[in-house]
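Report on the structure given below.
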Amino acid sequence: TGCRVCLTRNMSSSPPRLQGCMSAWIIDQYGSNGVLKYTEETTVPTISSATEVMIKVHAVSLNPLDVAMRGGYGAKLLKLRRDPLSVMDNDTEFPLILGRDLSGVVVDCGSGVTHFALGDEVWAAVPPWKQGSLAEYVTLTEYEVSHKPKVLSHIEAASIPYVANTSLSALVNGGGLCRDSSSNKRVLITGGSGGVGTFAIQLLKAWGAHVTVTCSQNAVGLVRGLGADEVLDYTAGDVVEQLEMMEKFDVVFDGVGGDTEEWAMGLLKPWSGAKYVTLVTPLLLNTDSMGLLDGTLNAGFSLQSKAIQSLLSSGVFYRWGFYAPDGPALDEVSKLVDAGKILPVVEAQFSFTQVPQAFQKLEKGHARGKTVVRVA
Ligand code: NDP
């Protein structure tokens, strides 16, 4: 096929760069699982700036975002983020590579890279506006990358970066929590059995918080094993009634959305800086359906009015939480993992030929931790 990655040196640039073709799962259009295509003809993403590192991918994990993006979710806003000034020759995002998490090995570094060297084992969460990790190689800026925990295999490590960057960004920026301010803070996590929940429970316990979790009956053992102090089975009866009988919370971290925000405000301590932070926001859906300007304005208006209403009626803050790329944050998580305070929760593994089956698994819902794909 001629599709091999090789070291080449051209006259104008040294040092030698990896070039050629690689295998990847791509989509050429949005749709259901049938749009996923395996190819060995994707161009290797070579280093194009001094601060970039190129990584040979060993394992990838999937997130609900991958299934949503396969169907076109966020397409308008992500396209704007990829090419804000519309200067790219190619006016299309296709072929698009999905996959956000990766664990792998550094195979090339830009001249200005200071934290990584060839052969380093690394992990990262690839921003959704960049080409994803369901590929042999990914190129990222060094700020987005971190050294992988030594105690984990690539498969285990790949299960953590995206949910870790999301939880940290949401809990620190939205929830006002951090390592030194969480001791004995009461936090409620809804959706505790999924990718984000299983990570956030362990992070908050490592930070000394008191953690209450909602999940289905058959996940109670899992989340207790990860350290949750109180676990409520939302399928067994009126979980809101049970939560209302408990001491009030400092932070509600919502990974379920829907009507949760209607009852969660009343569970927070009034007029004491308590915060409701939800990961389920309408921003990308709005920009998809209404266009960039109207969608963003509509989402901004909705956020503002809910924030004002929550403050005036319940004395609590209403916030949206988002994933943010952050290698240094992953460095901190790496230390917690190496210290045995955070364990990977890998529910299912698939080979690189089984990527469509991995998507099917995710689409069924009811995740208990993460689904991982072995690449190398
Ligand atoms: P997962 O699919 O891994 O987990 C969701 C979990 O929630 C499952 O274990 C599910 O199990 C459980 N669940 C479903 N309904 C309820 C309920 N009513 N009460 C309690 N638990 C419930 O998703 P993630 O953890 O990766 O993400 C959680 C949410 O956050 C998703 O909507 C995702 O799109 C969003 N997200 C947003 C980000 C952002 O930047 N804003 C970034 C990352 C995630 P079961 O159904 O068996 O109970």
Problem set entry | Subset of the stretch 258-290 [more than 21 Å from the chain's Cα centre (by Cα), closer than 26 Å to Leu65 by Cα and exposed (fewer than 12 other Cβ atoms within 10 Å of the Cβ)] | Asp259, Glu262
For this session: Pick out the one residue from Ser302, Ser272, Ser310 that is small (Gly, Ala, Ser) and in contact with a Pro (Cβ under 7 Å, 6 or more places away or on another chain).
Result: Ser302
For this session: Please give the number of the condition Trp271 fails out of (1) in a helix (DSSP H, G or I); (2) over 20 Å from Val345 (Cα atoms); (3) more than 12 Å from the ligand (Cβ to nearest atom).
Result: (1)
Problem set entry | Condition broken by Ala329, with the remaining ones in (1) at pLDDT 95 or above; (2) over 25 Å from the mean Cα position of the chain (by Cα); (3) aliphatic (A, V, I, L, M) satisfied | (2)
Exercise. Which one is farthest from the ligand (Cβ to nearest atom) among residues in the stretch 228-253 that are within 27 Å of Lys370 (Cβ to Cβ) and surrounded by fewer than 18 Cβ atoms within 10 Å (Cβ to Cβ)?
Worked result: Asp229
Exercise. Any idea how many residues of the stretch 67-109 are in a loop (DSSP other than H, G, I, E, B), of a type outside the set (Val, Ile, Thr) and either out of contact with any helix residue (DSSP H, G or I) (no Cβ under 8 Å at 6 or more places or on another chain) or more than 30 Å from Pro344 (Cβ to Cβ) (or both)?
Worked result: 13
Exercise. Could you say which residue among Lys335, Lys341 is over 24 Å from Gln217 (Cα atoms), out of contact with any Pro (no Cβ under 6 Å at 6 or more places or on another chain), assigned to a helix (DSSP H, G or I) and charged (D, E, K, R)?
Worked result: Lys335
Problem set entry | Residues being within 19 Å of Ala264 (Cα to Cα) and either in contact with a Ser or Thr (Cβ under 7 Å, 6 or more places away or on another chain) or within 9 Å of the ligand (Cβ to nearest atom) (or both) - total across the stretch 210-227 | 4
Exercise. Across the stretch 193-208, what is the number of residues that are touching a residue at least 40 places away in the same chain (Cβ under 8 Å) and assigned to a loop (DSSP other than H, G, I, E, B)?
Worked result: 2
Exercise. Does Pro344 meet the test of being touching a residue at least 12 places away in the same chain (Cβ under 8 Å), within 12 Å of the ligand (Cβ to nearest atom), surrounded by 17 or more Cβ atoms within 10 Å (Cβ to Cβ) and within 17 Å of the chain's Cα centre (by Cα)?
Worked result: no
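The values are calculated or read from the model by the stated rules, or taken from the named source; none is laboratory data. Everything numeric here is computed off the predicted structure, so don't read it as measured data. All Cβ positions, even for glycine, are placed from backbone atoms using ideal geometry, and neighbour counts span all protein chains on display.
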